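Only one structure is covered here, and it is reproduced in the block below.
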Amino acid sequence: MATPKTNEKKLMKISIEKLEAMNYRDVAGDIDDIRDSLLEKGQLEPITVTPKIEEGKGTDRFIIVNGERRFRAAKNIVESGRETKFNFSELDCIIDTSYNLDTDSENFKLNQLILNEVHKSTTFDTYLAVKSLVDSKKYSKSQISKALGKDETWAGKIAALIIDNELFKCYFSGADLIYNKNNAETFVSLNSFADSKKDLMTEKEKGRVAAFLKSKTVELAEWEKDNGPLFETAELKPYIIYKGFGADSSPSIWAAQSLVEFYNDYCIDHPKKTEAKLLFSRSIRALMLKKRKTKADIDKIMEAAKAKLTDNGELEKEQKINIVAPIDMAKRIYNLFKDIELNDEQVREIKKHLRAIVKDPKYKERIFVDISLTTKKKDEDEESPQ
């Protein structure tokens, strides 16, 4: 069989005997679910392959680039000899010659090692793997890009658009978000939320969560108007679920530039990073709630966030309604006294006064007080219990 011309993509049926799995690939997961799907529905998606080259010459065989589990499942069906309504001795394949891999070359082995590390089940997971590989400096950005059949600058561009923030990852992966409006605790997986709260969630509440996610209603507050509160357990009532877009409809990472710039400029090492993180979180949750995902949508909301950073009055208003997690308050208090030598008696006195402040009627609407002693008004300090 003649090898297709470079950069040519072609769809055709190829004998399963002429397909080879990558020698260096370690495909995770079993094939039972894929085999059952093949038996029921046939092959729905083609496998991506590239011509096998040996000693610089083309062959009639092909290396699987994407779809190895489908190949293994089909091969398992053929080798089992079972009767099926579909013919799996030949598979639909997209021949992609852009990889141009010589199986005898060190370059081929390098490419396969890279593909093994970055090939994931979803596009965004692949981007995260590319970012991790770029940061590891095991391979150059150019090597990673070429191994994936991309322009040599591609991996660097992807890595620059990925930030280490769970809300960001949730938004661009299309996952659902579970957020505690009282202390900002965040879960980007319903499974992790359920595991964490398994001693609190009732079977009824699990069913209601499933019902909300299956419903066409986007906003939880609207759903609760017709169906009642999602959670009845007191400890779970502060949690809100924001529906994600789904992996197949998630926002394009190429639309992330303004989010990434805001995070890098204001949320890491900036005098107002605490306020900036609050605005960053609210911006992403607003995008999810309103189902906005275009670059224009993202740019618009981040421009508004930048404007708020320069409006101190607006930020102070937002901070007053923000409930701070107890661990964060403890850290703030510690930072105030870390350079002062205190004995045990002084520590006990400080704790006593803090308890008195929290219990004082004047603070009844601020159960979790945003303790920022450096910004308290003088008259508040004077009225605090002694």
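Any read-out appearing in this document is the output of simple, stated calculations on the displayed coordinates, not a laboratory observation. The structure presented is a predicted model; accordingly, all values stated were derived computationally and were not measured. Note that we place each Cβ from the backbone using ideal geometry, even for glycine, and neighbour counts take in every protein chain shown.
Computed quantities for the displayed model
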| read-out | value |
| --- | --- |
| 18 Å Cα-Cα threshold exceeded, pairs from 137/273; 131/293; 169/291 | 137/273; 131/293 |
| Cβ crowding within 10 Å averaged over residues, with 58-69, 129-140, 167-178 ranked highest first | 167-178, 58-69, 129-140 |
| Gain upon complete extension [residue 297, residue 60; 0.36 nm per residue less C-alpha separation] | 80.4 nm |
| FRET efficiency for residue 78 and residue 192, using Cβ-Cβ distance with R0 set to 51 Å, rounded to 0.05 | 0.85 |
| Peptide ranges 242-252, 289-299 listed from the most packed, as the mean C-beta count within 10 angstrom indicates | 242-252, 289-299 |
| Segment 155-277, relative contact order in percent, only Cα pairs under 8 angstrom and at least six apart counted | 34 percent |
